[in-house]
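K.L.:
Structure below; questions to follow.
Bear in mind that the values in this text are calculations on the coordinates, not laboratory data. On a predicted model such as this, the values are computed, not experimentally measured, just so you know. Backbone-built Cβ (ideal geometry, glycine too); neighbour counts: all protein chains shown.
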Amino acid sequence: MSAPPLAPGAPPGAPGPATTTARRTAIPGRGRGGPSRLRALDGLRLLAALMVAAYHFGGRNGEISQAWGGSPAHQFPTAAPLFAYGCLGVQIFFVISGFVICLSGWGRTLRTFVASRVSRLYPAYWAAILLVTAVFALPWVAYKALPPSEVLTNLTMLQQPLGVDRVLGVCWTLWAELRFYALFALCVVLPGATRGRVVLFCAGWTLAAALAQAAHQPFLDTVLMPEYAPFFIGGIGLYLLHRYGARDPIGWAIVLVSWLIGQHYAVAGLWHAPSADAFSYRSTAVIIAVVTLGFALVAAVALGRPRWANWRWLTVAGALTYPFYLVHEHLGWVVVRALHHDLGLPSYATLPLTVVLMLLLAWVLHRFVERPLTPVLKRSIDPRH
């Protein structure tokens with residue numbers, strides 16, 4: 001079940017699950033309306049997660065067709081072609097992650113950085129793994145749980161390199177996030193973050209990823225992630241603009257090169273020639289436009305443009321995004337089947353109701369799993385917290 005780049009089982013990172021740390025970290029450099037920018041970033045994360053949910057529920061075939069009782073293209077004849085672009089939410093997650101990890105890793109020790117990342121990623125992830133496994137094990141649920149050994153392996157978040165099936169389809173993005181965290185920790189956090197070191201990291205990773213693509217070596221592809229690197233690096237470049245100002249030419253150069261390479265990989269991964277056998281046809285122009293919009297929205301946040309986007313509910317939205325992202329796909333199949341197939345609700349009522357129920361479940365996971373366990377896990381790794 002390993003997913004190819006931008007595969008139908010995607011989406012986004014976690015994205016992406018780094019905004020809580022970012023909110024609690026004082027923003028260095030210019031202090032222009034920091035809270036509003038970070039709340040706007042939370043809003044972007046939720047938007048990216050909803051894009052991915054639209055893709056999973058209405059923008060592809062697969063298990064969701066079993067839940068609907070037919071292809072989503074028949075359930076949403078007008079919206080399904082638009083939902084098919086929702087998988088690009090993962091690119092937005094990765095850009096946001098590059099921004100936030102650079103922000104949260106600046107000035108931290110390696111131990112503190114590791115404690116922050118582990119405590120943020122794993123509590124909700126463990127809960128989601130166990131919850132999905134338990135639900136799929138119910139006799140009246142149409143989807144089968146994985147064997148116990150494979151479920152236990154999934155708890156490590158290393159199931160993909162170990163060749164084990166995934167409990168959560170979206171966790172391929174978390175494997176990408178883990179590799180990014182490791183590269184950033186070793187190359188920037190361990191020696192100490194400076195502007196020069198971050199710029200060198202961005203330039204070196206960009207060149208190394210291009211060479212890895214040319215070398216066709218699986219190990220280099222795994223470590224350097226050519227198809228995902230431009231989005232993480234672009235987010236780091238946007239953080240440099242946030243920290244040092246919009247007149248930083250090096251920051252803009254990093255963002256521009258990352259966008260140019262990123263749109264190439266997005267098109268290469270998602271475009272195909274028109275075919276009657278394909279679920280949907282994605283336009284090259286629209287793929288490029290969505291990638292560009294993702295970069296532009298994060299850039300607007302980085303440069304402090306949406307000063308008005310300072311609503312408190314955006315903080316809650318940011319807190320719910322990660323657990324929602326984890327549980328929405330597989331448990332959404334169960335809910336869609338129950339509402340649409342068993343209760344007979346129409347498609348356009350089932351879809352938003354399923355999203356709302358998944359958001360409520362995300363709140364439960366945040367309130368009763370993340371909030372109590374995150375500080376405990378963080379202190380167990382770094383007692384200074």
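K.L.:
Given points 7 Å out from each Cα along the Cα-Cβ axis, report the TYR244 to ASP277 separation in nanometres with one decimal.
P.N.:
In this crude spin-label approximation the distance works out to 5.1 nm.
K.L.:
Need the full-extension length gain, ALA268 to TRP363, defined as separation in residues times 0.36 nm minus the C-alpha distance. One decimal, nm.
P.N.:
Once the chain is fully extended between ALA268 and TRP363, it gains 30.6 nm.
K.L.:
Shifting gears a bit: By the scheme Lys and Arg +1, Asp and Glu -1, what is the net charge of all other residues having a beta-carbon under 13 Å from that of GLN75?
P.N.:
Values: positive: ARG60, ARG337; negative: none.
Taking every Cβ under 13 Å from that of GLN75, the sum is +2.
K.L.:
Now for a different question. Give me a comma-separated list of calculated 3J(HN,Hα) values for the range 302-308, in order, Karplus coefficients 6.51, -1.76, 1.60 applied at θ = phi - 60°, integers in Hz, x for any Gly or Pro.
P.N.:
4, 8, x, 5, x, 4, 6
K.L.:
Read phi for every residue in the range 253-263 and hand back ³J(HN,Hα) as whole Hz from Karplus 6.51 cos²θ - 1.76 cosθ + 1.60, θ = phi - 60°, with x for Gly and Pro.
P.N.:
After applying 6.51 cos²θ - 1.76 cosθ + 1.60, I find 4, 4, 5, 5, 4, 5, 5, 4, 6, x, 5 Hz.
K.L.:
Moving on to the next point. With runs of 4+ DSSP H residues as the only contributors, calculate the mean residue ellipticity of the chain at 222 nm using -39,500 (n - 2.57) per run, divided by the residue total and rounded to the nearest 500.
P.N.:
On the way: 17 runs with 249 residues, N = 385.
Helix contribution divided over all residues of the chain: -21000 deg cm²/dmol.
K.L.:
Also, I was wondering about something else. With a cut-off of 8 Å between alpha carbons and a minimum separation of six or more residues, what is the relative contact order of the range 32-381 in percent?
P.N.:
31
K.L.:
Treating only the Cβ of Lys, Arg, Asp and Glu as charged (+1, +1, -1, -1), what charge dipole size does the range 32-381 show about its Cα centre? Round to the nearest 20 debye.
P.N.:
With Lys and Arg at +1 and Asp and Glu at -1, about 1460 debye.
K.L.:
Please order LEU138, LEU103, LEU155 by the number of other Cβ within 10 Å, starting at the fewest.
P.N.:
LEU138, LEU155, LEU103
K.L.:
A follow-up question, please. Considering the zone a paramagnetic label at VAL286 would reach in this model (a point 7 Å from Cα along the Cα-to-Cβ line), which residues of the range 37-74 have amide N under 13 Å from it?
P.N.:
The answer is 55, 59-60.
K.L.:
Follow-up. Among the trypsin sites (Lys or Arg not before Pro) in the range 308-385, which ones are in a DSSP loop with at most 11 other Cβ atoms within 10 Å of the Cβ? Mind listing them?
P.N.:
ARG312, ARG384
K.L.:
Find out how many positive minus negative residues lie around GLU63, taking Lys and Arg as positive, Asp and Glu as negative, among other residues whose Cβ is under 14 Å from that of GLU63.
P.N.:
+2
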